[in-house]
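Report on the structure given below.
The values are calculated or read from the model by the stated rules, or taken from the named source; none is laboratory data. Only a predicted model underlies this, so the values are computations on that prediction, with no experimental measurement involved. All Cβ positions, glycine included, derive from the backbone under ideal geometry; neighbour counts span all protein chains shown. Accessible surface areas use protein heavy atoms only, side chains included; no ligands, DNA or RNA. Shrake-Rupley method; radii C 1.70, N 1.55, O 1.52, S 1.80 Å.
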Protein chains: 2
Amino acid sequence: MGDGARHIPEATVSRLPVYLRSLAELLDDNVPTVSSERLAEMAGVNAAKVRKDLSYLGSYGTRGVGYEVEYLAFQMSRELGLTRDWPVAIMGAGNLGQALANYGGFTDRGFPVACLIDADESKVGTRIHGIPVYAPADLPGLVQELGISIGIIATPATVAQAVADHVVASGIKSILNFAPTVINVPEGTFLRKVDLALELQVLSFYQEHRTPDRV
Amino acid sequence: MGDGARHIPEATVSRLPVYLRSLAELLDDNVPTVSSERLAEMAGVNAAKVRKDLSYLGSYGTRGVGYEVEYLAFQMSRELGLTRDWPVAIMGAGNLGQALANYGGFTDRGFPVACLIDADESKVGTRIHGIPVYAPADLPGLVQELGISIGIIATPATVAQAVADHVVASGIKSILNFAPTVINVPEGTFLRKVDLALELQVLSFYQEHRTPDRV
DNA sequence: GGTGCTTTGTGAACGTGTGCACGAGCGGGG
DNA sequence: CCCCGCTCGTGCACACGTTCACAAAGCACC
Ligand SMILES: NC(=O)c1ccc[n+]([C@@H]2O[C@H](COP(=O)([O-])OP(=O)(O)OC[C@H]3O[C@@H](n4cnc5c(N)ncnc54)[C@H](O)[C@@H]3O)[C@@H](O)[C@H]2O)c1
Ligand SMILES: NC(=O)c1ccc[n+]([C@@H]2O[C@H](COP(=O)([O-])OP(=O)(O)OC[C@H]3O[C@@H](n4cnc5c(N)ncnc54)[C@H](O)[C@@H]3O)[C@@H](O)[C@H]2O)c1
């Protein structure tokens, strides 16, 4: 039965995890249904946007009532591909890589840290917070064995492109880059970045250009 | 002298730091001028976008030649408010807060970590990587003394809103939130978020919905 | 079974961002 | 001094995203 040939806009995709988190809260509180208005408030957006976003998933609401929390959460998880685990490999077992490895929030949400990869021979073979550290050359085998599907780049910026190339060559199709540099990946590989210095600079821009206090 | 009543689009503001980083690289290599095409390649965008973005800063290019690297970098730094330091306070000296405190990339770019703030009494009074840890009650005084202008929230999500409220009440106008929850701030306070689980979920969405390999 | 209240789903208008295409203007060479 | 090639700056058309506003549709109560 045609699932509907809908194409979900990128902006909507980025909001789905926020809605899902709100739904999880409601589930915890045993709230059975939720209106777009309430969900909008929890997600920090407006109600029309919530309704339009949810409509891309299908018509899962009931007019006059709202959305059934559990059912909507399930449909959304399915859409986001969260009905299975996505093991991740963290590239670079330094300051950041170790902090990420120590973070429970990933495993909880279906993104178990399968391994750390580091070029530093003295780190290879050790375990960090229980997670084994391997050499870069081991990556292709690990991808096969452990079904690793996401690579997190936490190496110095200077080697980030080379590391990304290696990650792609090892068969990984999704990359999250923390190194403050632009990296290029071939078509068919998904890339997102987290750039802290950029965020701070954007903040300093707006603070510098503060709208003069209006009445 | 009207500086020009230009209003820079948000999307452009987010790209300026990327251009600036590219310009810094060129400066290192003693490259005197750069074309929009080359800059576009380095920043991973297209040339028309670069030219349009830069035009919001003013007419700093020379037709037939390109942009003078040093001059453009200066103008961009000025626009981003990077001609002065913006001391930051990190809220929460846990796993993430400590990793951030240990990261040199902030100070290098004009965002020195002035202090860590933690509610845990046993941490207060210690130093982490040379950065002193204070109690939440000390924050307003520190904001005054050290000129802290940005607060980074690295506390558990459950207390993030309360911490944000405290940060705002202490006189800080810009917040970068790492806690995976929506927080609200009053008008006039700038808020940006870094949400790792969201990024991973977006990646899993696209990997799940991979466009069937086209010829 | 009808009436009225509530809330969804979506067309349409608006605003923002992107990318092409080309005229304007500069530098260099003859 | 003029001409030619190069690259910027920008008007314009298009795509994408947001918001409004309202008809459609369900529920509850009588
Ligand atoms: N630490 C932070 O809080 C923070 C914040 C924002 C961004 N970043 C960025 O994250 C990256 C890592 O930062 P960090 O502080 O962890 O640095 P780090 O120097 O502590 O760690 C880098 C690690 O990468 C390893 N490495 C080097 N080359 C490698 C290769 N080719 N393959 C695999 N591993 C390799 C090194 O051995 C080292 O263990 C940097 O690009 C940094 O700019 C860090
Ligand atoms: N660790 C990571 O790699 C990582 C990655 C992504 C997101 N996060 C998010 O960042 C936040 C911090 O993560 P973490 O791993 O550092 O947690 P953590 O538990 O290690 O640290 C939290 C710290 O905040 C302190 N704290 C608690 N209440 C406080 C208050 N009211 N005021 C000031 N400090 C307070 C605690 O004492 C503790 O030191 C969490 O919201 C987490 O979801 C962490």
Q. Nearest 20 debye, what's the magnitude of the dipole of the stretch A:106-175 about its Cα centre given +1 on Lys and Arg Cβ and -1 on Asp and Glu Cβ?
A. 200
Q. Hey, with R₀ at 51 Å, roughly what FRET efficiency would A:SER35 and B:ASN30 work out to, going by the Cβ-Cβ distance, to 0.05?
A. 0.25
Q) So what's the angle, to the nearest 10 degrees on a 0 to 90 scale, between helix A:196-208 and the longest Cα principal axis of chain A? A) 50
Q: Let me know the volume per residue of the alpha-carbon convex hull for chain B, in Å³.
A: 185
Q | Amide H within-cut-off set for B:PHE190, under 5 Å, with H built and near neighbours excluded | A | B:SER174, B:ILE175
Q: Report, by chain and number, residues whose modeled amide H sits under 5 Å from the one on B:VAL113, excluding near sequence neighbours (fewer than 5 apart, same chain).
A: B:VAL88, B:THR107
Q | Whole-number percent relative contact order across chain B, with pairs defined as alpha carbons under 8 Å at least 6 apart | A | 13
Q. Using a 1.4 angstrom probe with every protein chain in place, what is the largest-first accessible-area order of B:ARG6, B:ARG15, B:ARG127?
A. B:ARG127, B:ARG6, B:ARG15
Q) Going by a 1.4 Å probe on protein heavy atoms, which residues of the stretch B:12-51 end up with at least 30 Å² less accessible surface in the whole assembly than in their chain alone? A) B:VAL13, B:PRO17, B:VAL18, B:ARG21
Q) Which distance in Å, rounded to a whole number, links the C-alpha centroids of the stretch A:25-60 and the stretch B:143-205? A) 23
Q: Compare the Cα positions of A:GLY44, A:ILE175, A:SER149 along the charge dipole of chain A (+1 at Cβ of Lys, Arg; -1 at Cβ of Asp, Glu; about the Cα centre) and return the one farthest towards the positive end.
A: A:GLY44
Q: Any chance you could look up the accessible area of B:ILE8 with a 1.4 Å probe, heavy atoms only, rounded to 10 Å²?
A: 10
Q | Rounded accessible area per residue of the protein assembly as shown, 1.4 Å, Å² | A | 49
Q. Which whole-Hz couplings ³J(HN,Hα) result when phi for each residue of the stretch B:126-133 is put into the Karplus expression 6.51 cos²θ - 1.76 cosθ + 1.60, θ = phi - 60°, listed in order with x for Gly and Pro?
A. 8, 10, 10, 6, x, 9, x, 9
**Q.** Solvent-accessible area of A:CYS115 with every protein chain in place, 1.4 Å probe, in Å² to the nearest 10
**A.** 0
Q | the stretch A:3-79: relative contact order as a whole-number percent, Cα under 8 Å and 6+ apart | A | 35
Q | Listed pairs A:LYS52/B:LYS173; A:LYS49/B:LYS193; A:LYS193/B:LYS49 exceeding 26 Å between Cα atoms | A | A:LYS52/B:LYS173
Q: Kindly compute the accessible surface that chains B and A hide from a 1.4 Å probe when together, both sides summed, and give it to the nearest 100 Å².
A: 5600
Q: Treat every Asp and Glu Cβ in chain B as -1 and every Lys and Arg Cβ as +1, leave all other atoms uncharged, and give the resulting dipole magnitude about the Cα centre to the nearest 20 debye.
A: 500
Q: Quote the FRET efficiency, to the nearest 0.05, computed for A:ASP85 versus B:THR189 with a Förster distance R0 of 51 Å and r equal to the Cβ-Cβ distance.
A: 0.85
**Q.** Where A:HIS7, B:HIS166 fall by accessible area, highest first, once all protein chains stay in place (1.4 Å)
**A.** A:HIS7, B:HIS166
Q. Per-residue ellipticity at 222 nm for the protein assembly as shown, helices alone: DSSP H runs ≥ 4 residues times -39500 (n - 2.57), over residue total, nearest 500 deg cm²/dmol?
A. -13500 deg cm²/dmol
(Q) In the protein assembly as shown, if the dipole is taken from +1 on Lys/Arg beta carbons and -1 on Asp/Glu beta carbons about the Cα centre, which of B:ALA135, A:GLY66, B:ASN102 is farthest to the positive end? (A) A:GLY66
Q) Can you list the chymotrypsin sites (Phe, Trp or Tyr not before Pro) in the stretch A:1-105 that are in a DSSP coil and have 14 or fewer other beta carbons within 10 angstrom? A) A:TYR60
Q | Within the accessible area of the protein assembly as shown (1.4 Å probe), percent carbon and sulfur | A | 50
Q) Rounded if a/c is under 1.5, else prolate if a/b is larger than b/c, else oblate: which is the stretch B:3-79, with a ≥ b ≥ c the root eigenvalues of its Cα gyration tensor? A) rounded
Q) Can you give the relative contact order of the stretch A:88-199 as a percent, counting alpha carbon pairs under 8 Å and 6+ residues apart? A) 23
